[in-house]
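The values are calculated or read from the model by the stated rules, or taken from the named source; none is laboratory data. In this text the structure is predicted, and so the values were computed from the model without any measurement. Here the Cβ positions follow ideal geometry from the backbone for every residue, glycine too, while neighbour counts run over all protein chains shown. Side chains included, ligands, DNA and RNA excluded: accessible areas come from the protein's heavy atoms. Shrake-Rupley method; radii C 1.70, N 1.55, O 1.52, S 1.80 Å.
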Amino acid sequence: SVEQKLELLEYWRSITKRKWALLGLAMAVAVLAAVVSLAMTPIYRASATVLIEAGKGKIVSVEEVYSISQQREHYQTQVELIKSREVALRAVKALQLWNHPDFDPRLQKASWTQRFLASVGVSDSLEVKTEWTDDELAAAVVRGFRTNLTVTPIRLSQLIKVEFEAADAVMAAKVANTVAEQYIASD
């Protein structure tokens, strides 16, 4: 017991002896964390929920009541339709996202791999395109658009959650709602 007290006392002396170095390290870490967190762009996630109805008609046969597997297949098919490139393309065109600076392909710089390949002479991908049609702009936006779009079925329900992440909160909400609207319009 006396040995343990001496050991603890020795630890305490080591800590107090180096207290300024420890406090300096803690302050440096806190300042670094504050700088990094203030430099980061906040990302907002907006979501819309879509109800998938199994059948549109009100009259249901006995076979349809017992066809649970067909209902699951129908539900999964609807999830994949919402995720599809076609629905994403229609949403991009409806919102004209190529006019928003976060999505505009005309404002994006070449990646370091594209610059390297162009400097070596393997690729000429650094050529700046000056004339864009709306369809070309929409197709260029869809690639990045779909990486920020998440479509997830909600377990044990007929609901599907459509989520979109963007640096602009209003734009994130508009996109999530527009994807849901475009899916409904295509149904």
Original post:
Label points 7 Å out from Cα along the Cβ direction at A185 and V36: separation in nm?
Top reply: 4.3 nm
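With a 1.4 Å probe and all protein chains kept in place, how do M40, M171 rank by accessible area, largest first? Working shown, then result.
On the way: M40 125, M171 25 Å².
Of M40, M171, the descending order of accessible area is M40, M171.
Under a 1.4 angstrom probe, counting protein chains only, how are V29, V175 ranked by accessible area, largest first?
Working: V29 90, V175 0 Å².
Descending order: V29, V175.
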Original post:
Hey, with R₀ at 30 Å, roughly what FRET efficiency would V29 and L8 work out to, going by the Cβ-Cβ distance, to 0.05?
Top reply: 0.70
Original post:
Considering only protein heavy atoms, what is the solvent-accessible area of W12 at a probe of 1.4 Å, reported in Å² to the nearest 10?
Top reply: 150 Å²
**OP:** Provide the solvent-accessible area of I154, counting protein heavy atoms only and rolling a 1.4 Å probe, rounded to the nearest 10 Å².
**Re:** 60 Å²
**OP:** Would you kindly derive the ³J(HN,Hα) couplings of the range 87-102 from the backbone phi angles with the Karplus curve 6.51 cos²θ - 1.76 cosθ + 1.60 (θ = phi - 60°), listing them in order in whole Hz, with x for Gly and Pro?
**Re:** 5, 4, 5, 5, 5, 4, 5, 5, 8, 6, 4, 5, 8, 8, x, 6
Subject >> Inter-probe distance in nm under a simple model that places probes 7 Å from Cα toward Cβ, at V170 and R45 >> reply: 2.4 nm
